[in-house]
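In what follows, a structure is listed as structure tokens, so that the remarks can point back to it.
The values are calculated or read from the model by the stated rules, or taken from the named source; none is laboratory data. None of these values were measured; they are calculated from a predicted model. Using ideal geometry, Cβ is built from the backbone for each residue, glycine included, and neighbour counts are taken over all protein chains shown.
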Amino acid sequence: MKLDPFRLERFFAAHELDAPYVLCSSDCESFTVAELLGMEDGSWDGMAGLRLGYTEARGDSELRERIAGLYDGFSAEQILVHAGAEEAIFTFMNVALDPGDHAIVHAPCYQSLEEIARGIGAEVTEWKGDPGKRWDLDLELLRDRLTDRTRVVVVNFPHNPTGFLPDRSFLEELSRLSDERGFVVFSDEVYRGLEYDPADRLPSFSEINEQAVSISVMSKAYGLAGLRIGWVATRNRTLYDKLAAFKDYTSICNSAPSEYLSSLALRHHQRIVDRNLGIIRDNLDHLAAFFARHQGILEWYRPRAGSIAFPRYLGGSGGSGGSRSSVEGFCDELRRRAGVLLLPGTMYGPEYGCVRVGFGRRNLPEALQRFERFLHE
């Protein structure tokens, strides 16, 4: 398998640790180990007594029970724990696709959602959201792109990087189309749970479609990226067994301390998510005021869920949008002069003259002050 360099990850590897203010983080505010262990009596002793041998390949049984509890009608036997969402993506693509197959991927997207399929030898077609309609997806466009070789359709709700969230009728129609045409929906749901209005929360796709595969992770809504714990939830037993067998060639099993801390966090998941939603709501108000003051430079849609948005860079003139060179130059100058890191949209593809803004961390007001000073100067 030959894979192109992961543009977004190479960007962060080069700049994330050097920029004092990371204004494009995809995750929420994190916790220390002490803060997590402090949520529950006896947890310090439990951690100290943890044995560091091999763990269960499918994931710790209590952890799988806790994850299953996040889904309606699921059991631990339908959960497969991975070393982050990235491993779950890698295993799924290798199991579900063969050379010559066809995959359709919701775009813009996290690069591995399409790059791994290409590396396997599958043909990949992007299904792009419409920036003029708040990044809405058109099911008619999907129907037009389906072929008799289409094996997988990838969706991501709430969406990275735009924050787009459809309504339930969209999911139901996509589920019907999956049943009619025989493709598997691979649903990236890493931001599920971060809906600002609980009434907007969608069911997991695996809850409404028996063949679908849903993934999530401890990194985003919970802010626990350092644990490197993600998972697959599916009622598709054939795929589940194939995923479990393929995982024997990747991580085999997960870190025992990470699984222990993840189980602890999920026992208090609502407390953690509520804290992060509070940070997000406060930061959204700061962002709304900031973008209102700088309408000639950046244009945004306020998202309905998640901790990231994808405002369009206007090139400082209120015009039709910045070019690839201008949006990358803008982000580079902001980083060098103000110490504020924005992710240029070109990391998702050369046509995206946008920037990714992350607002799940507490230091966003400070970062915006530095950003605003830079714009005035």
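Against the numbered list (1) assigned to a loop (DSSP other than H, G, I, E, B); (2) within 15 Å of the chain's Cα centre (by Cα), residue 106 comes up short only at (1).
Listed here are the residues, each with its yes/no results for (1) within 17 Å of residue 269 (Cα to Cα); (2) assigned by TED's automatic domain parsing to the domain that holds residue 260; (3) crowded, with 19+ Cβ neighbours inside 10 Å.
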| site | (1), (2), (3) |
| --- | --- |
| 16 | no, no, no |
| 35 | yes, no, no |
| 38 | yes, no, no |
| 60 | no, yes, yes |
| 68 | yes, yes, no |
| 84 | no, yes, yes |
| 104 | no, yes, yes |
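Applying a threshold of 7 Å to beta carbon distances and a minimum spacing of six or more residues, or different chains, the list of pairs starting in region 97-119 at a residue that is under 20 Å from residue 242 (Cβ atoms) and ending at one that is among the β-branched types (Val, Ile, Thr) and assigned to a loop (DSSP other than H, G, I, E, B) reads 102/147.
Take the conditions surrounded by fewer than 23 Cβ atoms within 10 Å (Cβ to Cβ) and in a strand (DSSP E or B) and apply them to residue 124. Does it pass? Taking the combined requirement at face value, the residue satisfies it.
Screening residue 40 with (1) closer than 21 Å to residue 363 by Cβ; (2) assigned to a loop (DSSP other than H, G, I, E, B); (3) touching a helix residue (DSSP H, G or I) at 6+ places or on another chain (Cβ under 9 Å) gives one miss only, at (1). Residues that are of a type outside the set (Lys, Arg), at pLDDT 95 or above and in a helix (DSSP H, G or I) do occur in region 292-307, at least one of them. Out of curiosity, is residue 18 at pLDDT below 95 and acidic (Asp, Glu)? It is true that residue 18 is at pLDDT below 95 and acidic (Asp, Glu). Part of a loop (DSSP other than H, G, I, E, B), on the phi < 0 side of the Ramachandran plot, exposed (fewer than 10 other Cβ atoms within 10 Å of the Cβ) and touching a residue at least 24 places away in the same chain (Cβ under 8 Å): does that describe residue 27? So residue 27 does not fit the description; no.
Conditions tested, residue by residue: (1) within 22 Å of residue 156 (Cβ to Cβ); (2) assigned by TED's automatic domain parsing to the domain that holds residue 202; (3) touching a Pro at 6+ places or on another chain (Cβ under 7 Å); (4) aliphatic (A, V, I, L, M).
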{"site": "274", "(1), (2), (3), (4)": "no, no, no, no"}
{"site": "283", "(1), (2), (3), (4)": "yes, no, no, no"}
{"site": "331", "(1), (2), (3), (4)": "no, no, yes, no"}
{"site": "336", "(1), (2), (3), (4)": "no, no, no, no"}
{"site": "339", "(1), (2), (3), (4)": "no, no, yes, no"}
{"site": "358", "(1), (2), (3), (4)": "yes, no, no, no"}
{"site": "366", "(1), (2), (3), (4)": "no, no, no, no"}
{"site": "372", "(1), (2), (3), (4)": "no, no, no, no"}
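What do you reckon, is residue 91 β-branched (Val, Ile, Thr), touching a residue at least 40 places away in the same chain (Cβ under 8 Å) and under 30 Å from residue 143 (Cβ atoms)?
yes
State yes or no: is residue 298 of a type outside the set (D, E, K, R) and either more than 24 Å from residue 14 (Cβ to Cβ) or in the same structural domain as residue 220 (by TED's automatic domain parsing) (or both)? Answer is no for this residue.
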